[in-house]
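Enquirer: Please find one structure pasted underneath; my questions will follow.
The values are calculated or read from the model by the stated rules, or taken from the named source; none is laboratory data. If you're wondering where the values come from, they're calculated on a predicted model, not measured in any experiment. Cβ placement follows ideal geometry from the backbone for every residue including glycine, while neighbour counts extend to all protein chains displayed. The accessibility values were calculated without ligands, DNA or RNA, using every heavy atom of the protein model including side chains. Shrake-Rupley method; radii C 1.70, N 1.55, O 1.52, S 1.80 Å.
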Amino acid sequence: MLQLLTSAPPLTLALWSISIGALVALAVWIRNLYKDPFPFIDGPPTTNLIFGHFPEILREQVGIVYDRWHKQYGPIYKVRGFMGSTRLVINDPVAARHIMVTRGYSYGKHEGVRVVFRWIEGSIYGMGSLEGDDHKKVRKMMLHTFTPGHLRTLHPTIREYADQYVQVLSEEREIAEHNMLKYMKHVALDIIGAASYGYATGVLRKQDTPLAVALETIVSQVSNDTIRVPLPTALRAYLPRLEWYLLADTRLFDRNVKHLRKVAYEVLYMRKEALGVLTDEDRIHIKNAGLRIDRERVGNFAMGIDDVLSMMLQDAAMLDPDDPDKLDDEWILAQIMVLFWAGHESTATSMTWLIYEMCRNPDVQSRLRSELLAVGLDCDVRTLLDLPYLNGVVHESLRLHSTSGQSIRHAFADDVIPLSKPVNGMHAIPIREGQEICFNHPSMNCREDVWGKDAEQFKPERWINLPEAAKDDTMPGWEGVANFGSGNRQCVGAGFAVMEIKEVLLRLLTHFEFTLPDDPDERDIEGWNRMLTKPFVKKEGKHAMPRLPVKIIPLRAPSSN
């Protein structure tokens with residue numbers, strides 16, 4: 001038999017491979033359908049034997065189905081995935097802390113998920129796709145660049161672009177009213193460009209720098225819903241390039257990411273040259289790769305050394321070549337690509353949802369404006385970060401509007417997960433290697449046993465006088481919200497993102513009043529997944545462009561204190 005196969009023509013071999021693969025898939029499917037790893041755990045029924053509950057989840061807005069299941073089945077339940085696989089959904093604080101914190105590196109991303117991260121980040125070295133020792137090494141370096149002290153040095157950069165944002169909104173108010181999300185993306189791009197690269201992208205002022213053009217091309221493609229990841233995780237793990245071959249939009253995105261990486265490399269070498277750490281090897285690479293290190297072409301740099309890229313380059317330059325913690329340029333560039341996605345798209349979307357809540361809650365907006373006017377536009381960063389009502393507003397908006405709808409963890413080894421309360425008599429759940437576990441962020445953020453019966457209502461005051469249940473809550477997360485992850489996967493830039501949101505809000509609310517649009521059809525907003533949970537006008541449907549229409553009313557310019 002083996003001899004016949006080795007001598008067969010390529011087409012015959014391909015057909016044999018497909019047939020064997022189909023038989024294996026069929027065997028796995030039948031096994032999954034008839035073997036329940038959690039017979040003692042309840043869950044919703046499904047009649048879809050191929051895709052399980054996924055179609056039901058995708059038919060409704062982000063988090064709606066999970067919220068319904070959580071109320072019906074409690075903090076631990078199971079759902080069906082692709083080919084009959086079972087996914088465990090956990091909203092139990094003890095179990096969540098065990099998985100995310102205590103045994104953090106025993107649970108990670110499935111290989112199929114890591115494929116998507118590599119695709120988006122354009123590298124195999126981005127922190128989003130790394131596990132184990134590689135992830136520890138990169139995270140250690142990133143944490144060093146996002147210390148509280150370093151964050152404070154980046155505050156003037158945020159303030160500079162927040163001021164520009166106010167000027168642009170004043171000049172283009174009628175256009176901005178049509179889509180606040182677009183303008184939030186512009187200011188977030190400028191801020192992350194300056195803070196990460198020390199580079200003026202010029203998006204707010206419509207300056208077509210190469211990096212800005214490359215970034216905008218990718219962002220537009222994502223916003224237009226032309227990026228699809230239709231393959232189930234299991235298939236994508238074994239056929240990582242199949243989507244590339246099947247979808248023209250995927251190939252276009254791939255080319256756009258490669259172009260962005262080329263421009264980013266030019267920015268990196270410009271930064272190394274400015275810092276005096278450009279090597280002979282770098283110059284050879286510049287020549288061989290056809291890179292152009294031209295300051296006028298690449299853009300305008302702030303020549304300080306406070307940006308994240310400069311700190312990483314200086315740290316790397318001080319380490320010996322054989323030091324295990326040393327990261328080369330490819331690794332450093334990969335983290336900058338991660339910061340672009342995590343530090344721009346998610347922050348812009350969070351700020352947009354916050355403005356939406358200000359429009360829906362004018363009394364909250366008025367009270368917050370009074371607090372901001374009392375400290376003035378020139379308040380120092382410590383004063384800004386400690387404002388109690390501002391802190392409550394930001395936390396409450398993050399709690400109700402998690403831009404990342406869920407986190408999926410893949411068990412790398414057998415384990416036993418402890419529970420805060422028994423489930424059908426079981427005080428712990430035995431887990432086998434390969435099991436997938438889901439954490440739904442909206443459900444984690446809106447638990448009635450922690451926040452009360454009004455958990456789904458926007459009430460910033462709850463953060464000023466935290467309920468006792470919230471004080472005692474052990475659910476892992478960042479300051480009471482699941483948005484930024486937890487444990488070794490907690491977002492290293494969470495503090496920077498919150499500082500940016502607060503500074504932008506200080507500028508916006510002291511110069512403008514935001515209200516819902518006059519057109520009633522534009523007031524009904526829904527949240528659908530487009531890489532992140534973004535606002536959509538209900539009448540336009542979930543396949544339209546994500547946008548938030550608002551009405552912007554200029555106020556008398558505030559005085560500086």
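Enquirer: Summing +1 for each Lys or Arg and -1 for each Asp or Glu, what net charge is found among the other residues whose Cβ lies under 11 Å from the Cβ of ALA316?
Expert: Values: positive: LYS272, LYS326; negative: ASP315, ASP320, ASP323, ASP325, ASP328, ASP329.
Once all neighbours under 11 Å are counted, the net charge is -4.
Enquirer: Now, a different point. May I ask which residue of MET83, PRO418, ILE191 lies farthest towards the positive end of the charge dipole of the chain, with charges of +1 (Lys, Arg) and -1 (Asp, Glu) on Cβ and the Cα centre as origin?
Expert: The residue sitting most towards the positive pole is MET83.
Enquirer: Below 8 Å, C-alpha to C-alpha, sequence gap of six or more: please give me the relative contact order for the chain in percent.
Expert: Details: 820 pairs, mean separation 118.7, N = 561.
That works out to 21 percent.
Enquirer: Length gain on complete extension for the stretch GLU468 to ASP325, per 0.36 nm per residue less the alpha carbon to alpha carbon distance?
Expert: Details: separation 143, 0.36 × 143 = 51.48 nm, distance 4.26 nm.
Gain on stretching GLU468 to ASP325: 47.2 nm.
Enquirer: Give the accessible surface of the chain per residue, rounded to a whole number of Å², with probe radius 1.4 Å and ligands, DNA and RNA excluded. List each step's numbers first, then the result.
Expert: Numbers: 25300 Å² over 561 residues.
Roughly 45 Å² per residue, with all protein chains present.
Enquirer: Would you mind checking LYS35/LYS109; LYS258/LYS287; LYS71/LYS538; LYS137/LYS502; LYS140/LYS326; LYS109/LYS272 for any pair whose Cα atoms are more than 22 angstrom apart? Walk me through the numbers before you get to the answer.
Expert: On the way: LYS35/LYS109 24 Å; LYS258/LYS287 18 Å; LYS71/LYS538 25 Å; LYS137/LYS502 31 Å; LYS140/LYS326 11 Å; LYS109/LYS272 33 Å.
Flagged as over cut-off: LYS35/LYS109; LYS71/LYS538; LYS137/LYS502; LYS109/LYS272.
Enquirer: Tell me the carbon and sulfur percent of the accessible area for the chain, rounded to whole percent, probe radius 1.4 Å.
Expert: Working: 14060 of 25300 Å².
Carbon plus sulfur share of accessible area: 56 percent.
Enquirer: Would you mind classifying the chain by shape? Square roots of the alpha carbon gyration tensor eigenvalues, ordered a ≥ b ≥ c; an a/c under 1.5 is rounded, otherwise it is prolate if a/b is larger than b/c and oblate if not.
Expert: Oblate is the answer for the chain, as a/c is 1.5 or above yet b/c matches or exceeds a/b.
Enquirer: Turning to a different aspect of this structure: Once phi is turned into ³J(HN,Hα) by the Karplus curve 6.51 cos²θ - 1.76 cosθ + 1.60 with θ = phi - 60°, what whole-Hz value does each residue of the range 380-388 show in order, with x for glycine and proline?
Expert: After applying 6.51 cos²θ - 1.76 cosθ + 1.60, I find 6, 5, 5, 4, 4, 5, 9, 5, x Hz.
Enquirer: If you stretched the chain out fully between ASP208 and GLU171, how much longer would it get, using 0.36 nm times the residue separation minus the C-alpha to C-alpha distance? Mind showing how you got there, number by number?
Expert: Numbers: separation 37, 0.36 × 37 = 13.32 nm, distance 1.91 nm.
Fully extending the segment from ASP208 to GLU171 adds 11.4 nm.
Enquirer: List the trypsin sites (Lys or Arg not before Pro) within the range 431-528 that DSSP assigns to loop and that have no more than 13 neighbouring Cβ atoms inside 10 Å.
Expert: Values: sites: ARG432, ARG447, LYS453, ARG462, LYS471, ARG489, LYS502, ARG507, ARG523; in loops: ARG432, ARG447, LYS453, ARG523.
Sparse-neighbourhood loop trypsin sites (Lys or Arg not before Pro): ARG432, LYS453.
Enquirer: I would also like to ask the following. Roughly speaking, what is the stretch gain from ILE284 to LYS453, that is 0.36 nm per residue apart minus the C-alpha to C-alpha distance, in nm to one decimal?
Expert: On the way: separation 169, 0.36 × 169 = 60.84 nm, distance 6.39 nm.
Extra length available between ILE284 and LYS453 comes to 54.5 nm.
Enquirer: Also: Once a ≥ b ≥ c are taken as the square roots of the eigenvalues of the Cα gyration tensor of the range 331-483, is the result rounded (a/c under 1.5), prolate (a/b larger than b/c) or oblate (a/b not larger than b/c)? Present the calculation step by step, with values, prior to reporting the outcome.
Expert: Working: a/c = 2.51, a/b = 1.50, b/c = 1.68.
Cα axes put the range 331-483 in the oblate bin.
Enquirer: Same structure again: Give the span of the range 252-394's Cα atoms along each principal axis, as three whole-Å numbers ordered largest to smallest.
Expert: So the three principal-axis extents are 61, 38, 34 Å.
Enquirer: Moving on to the next point. With +1 on each Lys and Arg Cβ and -1 on each Asp and Glu Cβ, and nothing else charged, work out how big the dipole of the chain is about its Cα centre, in Debye to the nearest 20. Before the final figure, lay out the partial values.
Expert: Numbers: 65 positive and 72 negative charges, 244 e Å.
Roughly 1180 debye for the chain.
Enquirer: Further question: In a shell of Cβ-Cβ distance under 10 Å around CYS438, excluding CYS438 itself, what net charge do Lys and Arg (+1) and Asp and Glu (-1) give? Could you put the intermediate results ahead of the total?
Expert: Numbers: positive: LYS78, ARG87, ARG409; negative: GLU436.
In short, +2.
Enquirer: How large is ³J(HN,Hα), in whole Hz, for each residue of the range 144-158 in order, when computed from phi with the Karplus curve 6.51 cos²θ - 1.76 cosθ + 1.60 and θ = phi - 60°, using x for Gly and Pro?
Expert: Values per residue, Gly and Pro as x: 5, 8, 10, 5, x, x, 5, 4, 5, 6, 8, 4, x, 5, 4 Hz.
Enquirer: By the gyration tensor of its Cα atoms, with a ≥ b ≥ c the square roots of the eigenvalues, what is the shape of the range 474-534: rounded for a/c under 1.5, prolate for a/b over b/c, or oblate? Provide the component values of the computation, followed by the final result.
Expert: Values: a/c = 2.96, a/b = 1.54, b/c = 1.92.
Because a/c hits 1.5 or more and a/b fails to exceed b/c, the range 474-534 counts as oblate.
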